[in-house]
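The values are calculated or read from the model by the stated rules, or taken from the named source; none is laboratory data. Here the structure is a predicted model, which is why all the values come from computation and not from measurement. We place every Cβ from the backbone using ideal geometry, glycine too, and count neighbours over all the protein chains shown. The accessibility values were calculated without ligands, DNA or RNA, using every heavy atom of the protein model including side chains. Shrake-Rupley method; radii C 1.70, N 1.55, O 1.52, S 1.80 Å.
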Amino acid sequence: MDDVLTIDQIHAQFASEWVLIEAPQTNDDLEVQGGNVRSHSKDREEVYRKVVALRPERFAIVYTGQMPKDTAIVL
């Protein structure tokens, strides 16, 4: 998985999954536009474990599904 994918390609290939993107490409608002997919899973914890194992310098984790209404996201 060394190819750089756009965020649209990531959403299409990994629907309703958590995706670890190394060296993410972002816009001026820091929204992820693409990058190298290093891991993906329906299990968020599996992707978090991969971050710990790989220790990437720069990364983003994106969920490609729909968050349920009234979901709170804590950073």
On the accessible surface of the chain, probed at 1.4 Å, how many percent belong to carbon and sulfur atoms?
47 percent
With the chain treated as a Gaussian network of Cα nodes joined by springs under 10 Å, which of Ala23, Ala60, Ala12 yields the largest mean-square fluctuation?
Ala12
Descending principal axes extents, the chain, alpha-carbon based, whole Å
34, 28, 24
Putting +1 on Lys and Arg Cβ atoms and -1 on Asp and Glu Cβ atoms, find which of Val47, Leu5, Val37 reaches farthest to the positive end of the dipole of the chain.
Val47
How much mean residue ellipticity at 222 nm does the chain get from its helices, if each DSSP H run of length 4 or more adds -39500 (n - 2.57) and you divide by all residues, to the nearest 500 deg cm²/dmol?
-7000 deg cm²/dmol
According to a simple spin-label model (label point 7 Å from Cα along Cα-to-Cβ), what is the distance in nm between Arg55 and Ala12?
3.7 nm
What distance in nm separates the simple spin-label points at Val74 and Lys42, each placed 7 Å from Cα in the Cβ direction?
2.6 nm
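Report the FRET efficiency, 1/(1 + (r/R0)^6), for Gln66 and Leu30, where r is their Cβ-Cβ distance and R0 is 25 Å, rounded to 0.05.
After rounding to 0.05, the efficiency reads 0.70.
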State to the nearest 20 debye the size of the charge dipole of the range 29-72 about its Cα centre, where the only charges are +1 on K and R beta carbons and -1 on D and E beta carbons.
220 debye
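State to the nearest 20 debye the size of the charge dipole of the chain about its Cα centre, where the only charges are +1 on K and R beta carbons and -1 on D and E beta carbons.
So the magnitude is around 300 debye.
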Range in the chain, longest, excluding exposed GluC sites (Glu not before Pro) [loop by DSSP; at most 16 other beta-carbon atoms within 10 Å]
1-30
